[in-house]
Amino acid sequence: MEHWRTGRESLVKIKLYIEGGGDGPELDQSFREGWTAFFVNAGFEGRMPRPVRGKGRKRTYDLYQTALRNRKPNELPLLLVDSEDLVGEGRTEWAHLKERDGWERPSGAMDEDVFLMVCCMETWFLADREALKRFFHDCWRDNALPQWPNLEAISKDMVFEKLALATAVCGKKAYAKGKRSFEILKVIDPAIVEAKCPGAKRLLDRLRTN
């Protein structure tokens, strides 16, 4: 499933190391199912990247570095993490991660091998409000969310605050990170997400070129 052709002869496996916290086999399964559904919905069925759950942010980066050091000729490790903070205009992904987290670009990593969810995965959810309405159904309060023209200019704190307000009367179904995140990831439309989130478009475009 995760085999990709680059050129006429080479066969490359893309491994995408993705931030995703929490422990336990249930979250591991939810992570795999959520990201697999997202990439299938994006049109990659038959040439799927392999999503690798990094859990904590720093652990994800460390796993990515290890994968680069031990990579096989037919493997391509890529990194996907939250930006956490707003990304300065004109600032590259690696420059942002060095300034914010102190992460150096590892040896063997290219500028086009790292991707950011700006400011967080939940920003991608907000791109597809209709999917959120369907997911939360009767308890969804759409008027709690502003009509932001530029989602990647909205802070992580604001994204979470508005998601909490929009699902405040949903009881046990109210938004929370973890399994709920991956359930929503299954139902959002990648085409809508990449149209509103340049970080998502950059990732999907990179996968399309391999």
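The values are calculated or read from the model by the stated rules, or taken from the named source; none is laboratory data. Being a predicted model, the structure only gives us computed values, none of them experimental. We place every Cβ from the backbone using ideal geometry, glycine too, and count neighbours over all the protein chains shown.
See the values below:
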quantity	calculated
Residues that are acidic (Asp, Glu) and either under 23 Å from residue 209 (Cα atoms) or assigned to a loop (DSSP other than H, G, I, E, B) (or both), drawn from the stretch 26-55	45
Of the criteria (1) part of a helix (DSSP H, G or I); (2) over 19 Å from residue 87 (Cβ atoms), which one residue 107 fails	(1)
Set 91, 32: member being under 14 Å from the mean Cα position of the chain (by Cα) and without any contact (Cβ under 8 Å) to a residue 60 or more places away in the chain	32
Which numbered condition residue 119 misses (of (1) assigned to a loop (DSSP other than H, G, I, E, B); (2) surrounded by fewer than 19 Cβ atoms within 10 Å (Cβ to Cβ))	(2)
Helices (runs of 4 or more DSSP H) wholly inside the stretch 139-210 containing at least 2 residues that are farther than 24 Å from residue 22 by Cα and out of contact with any helix residue (DSSP H, G or I) (no Cβ under 6 Å at 6 or more places or on another chain)	190-196, 198-208
Candidates 163, 145, filtered to the one that is over 13 Å from the mean Cα position of the chain (by Cα) and buried (at least 19 other Cβ atoms within 10 Å of the Cβ)	163
Subset of the stretch 92-104 (residues that are in a loop (DSSP other than H, G, I, E, B) and either modelled with pLDDT under 95 or crowded, with 18+ Cβ neighbours inside 10 Å (or both))	103
Selected residue [surrounded by 14 or more Cβ atoms within 10 Å (Cβ to Cβ) and not aromatic (Phe, Trp, Tyr)] from 168, 109, 153	109
Check on residue 130, surrounded by fewer than 14 Cβ atoms within 10 Å (Cβ to Cβ) and more than 20 Å from the chain's Cα centre (by Cα)	no
Some residue of the stretch 69-83 being surrounded by 15 or more Cβ atoms within 10 Å (Cβ to Cβ), outside any strand (DSSP E or B) and more than 14 Å from the chain's Cα centre (by Cα)	no
Long-range neighbours under 9 Å by Cβ, at least six apart or interchain, first residue farther than 18 Å from residue 118 by Cβ within the stretch 61-83, second in a strand (DSSP E or B) and of a type in the set (Phe, Trp, Tyr)	63/17; 64/17; 67/17; 76/4; 77/17
Failed item, numbered, when residue 58 is tested on (1) in contact with a helix residue (DSSP H, G or I) (Cβ under 8 Å, 6 or more places away or on another chain); (2) surrounded by fewer than 17 Cβ atoms within 10 Å (Cβ to Cβ); (3) within 19 Å of residue 206 (Cα to Cα)	(3)
Meets criteria (out of contact with any Leu (no Cβ under 7 Å at 6 or more places or on another chain) and part of a helix (DSSP H, G or I)) for residue 125	no
Number of the condition not met by residue 180 [criteria: (1) under 19 Å from residue 128 (Cβ atoms); (2) at pLDDT 95 or above]	(2)
From the options 123, 209, 167, residue that is in contact with a Phe, Trp or Tyr (Cβ under 7 Å, 6 or more places away or on another chain) and not aromatic (Phe, Trp, Tyr)	167
